[in-house]
1. Out of L147, L157, L230, report the one residue that is touching a helix residue (DSSP H, G or I) at 6+ places or on another chain (Cβ under 8 Å) and over 28 Å from L274 (Cβ atoms).
2. Can you confirm whether region 12-35 contains a residue that is open to solvent by less than 70 Å² (accessible area, probe 1.4 Å), β-branched (V, I, T) and part of a loop (DSSP other than H, G, I, E, B)?
3. Could you give every pair whose Cβ atoms fall below 7 Å, whose first residue belongs to region 14-26 and is under 21 Å from F159 (Cα atoms), and whose second residue is charged (D, E, K, R) and crowded, with 23+ Cβ neighbours inside 10 Å, counting only separations of at least 6 or pairs across chains?
4. Pairs under 7 Å by beta carbon, first residue among the hydroxyl-bearing types (S, T, Y) in region 238-264, partner at pLDDT below 85, six or more apart or different chains?
5. Could you tell me whether any residue of region 37-50 is within 26 Å of I129 (Cβ to Cβ) and in contact (Cβ under 8 Å) with a residue 24 or more places away in the chain?
6. Just one of the numbered conditions (1) open to solvent by 30 Å² or more (accessible area, probe 1.4 Å); (2) in contact (Cβ under 8 Å) with a residue 60 or more places away in the chain; (3) in a helix (DSSP H, G or I) is not true of N58; which one?
7. From the residues in region 254-308 that are hydroxyl-bearing (S, T, Y) and surrounded by fewer than 14 Cβ atoms within 10 Å (Cβ to Cβ), which one is modelled with the highest pLDDT?
8. Select, from L127, L133, the only residue that is open to solvent by less than 60 Å² (accessible area, probe 1.4 Å) and farther than 22 Å from S227 by Cα.
Amino acid sequence: MKHYLSVLLVLFAAMLWGTTGTAQTFVPEAHPVAVGAMRLAVGGLVLLVLVYIQGHLNLKGWPLSATGIAAISMAAYQPFFFSAVAVTGVAIGTVVGIGSAPILAGVLEWLFKGRVPDKKWWLATVLAIIGCLLLFTTEQDVSVSPLGVLLALGAGLSFAVYTFMNKQLIEHHPPEAAVAVVFTLSAIILSPLLFLFDLSWVLQGQGIAVALHLGVFATAVAYLLFSKGLLGVPASTAVTLALAEPLTAAMLGVFIVGEVLTLLAWGGIFLLFLGLGLLSFERTPKTGTNTNKADSRADTHAKSDCEA
């Protein structure tokens, strides 16, 4: 049951992330990097207040290296991703940025934890990445830029590293405290960007609503759910499940913005659903076999004790 609950929490988080693109269409004059910085500023403040009210804000015992790396990674993700999209387009930027994150997360777990993802994870991840590829590369203005691809890989690596480090933080601290501390530090790191772009959109009613939605729901609530979900699934699994983000964005684009998808894009959506569904189900062990093995070991130990 813990596995399924964790999967649902991560999927809900990814669905909230998927609303960011639609939300930004309501403030077209806002620069994407400024939106990302404002999103972290609002989200970090909301999380900090929430943790303070709950009495979970304890600044002692935090591993400086893991906390700092997680904060820098989350701060770096924003300009990396938005710059990649600006340089090489939405299609390639999204596919490389979001699609590379699960593979990189799996590599990190293998290098630092010695954990090799199983065959089901590889199959689900490949299906989801191909689905993401079909979903976004049906646009006509697809252009591949080496610089844009590198920036997108930087975004994917940033998200993978954040997830890997956050997994370590929540093993010793409450998830809400871990997210609050990391996002507050990330917001401080990105705060200079707020002085480089026009922020007049934040003073408008629609701009305030978008900033609150992105900060409260698409950041504070989403990453809190994501961190709680990390308690029950590996980092590599969580990052693959996060591919529900482009799936949600595509669905909102169709039903809210009025976008039209090609047949190939719908095929990509099907593969995304298939990959995420495959990863969501947990294989139940054969209790009979395990019980027999346990009984056999118990009998062996008992026989040894008697002989002794």
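1. Just a single option satisfies the conditions, and that option is L147.
2. Yes - at least one qualifying residue is present in region 12-35.
3. A14/E245; W17/E245; G18/E245
4. Taking only residues 6 or more apart or on different chains, the pairs are T240/L279; T262/T138.
5. Yes, region 37-50 has at least one match.
6. (3)
7. That would be T262.
8. Among L127, L133, only L127 is open to solvent by less than 60 Å² (accessible area, probe 1.4 Å) and farther than 22 Å from S227 by Cα.
The values are calculated or read from the model by the stated rules, or taken from the named source; none is laboratory data. Just so we're clear, the structure is a prediction, and the values are computed from it rather than from any experiment. Every residue, glycine as well, gets a Cβ built from its backbone with ideal geometry; the counts of neighbours run over all protein chains shown. The accessibility values were calculated without ligands, DNA or RNA, using every heavy atom of the protein model including side chains. Shrake-Rupley method; radii C 1.70, N 1.55, O 1.52, S 1.80 Å.
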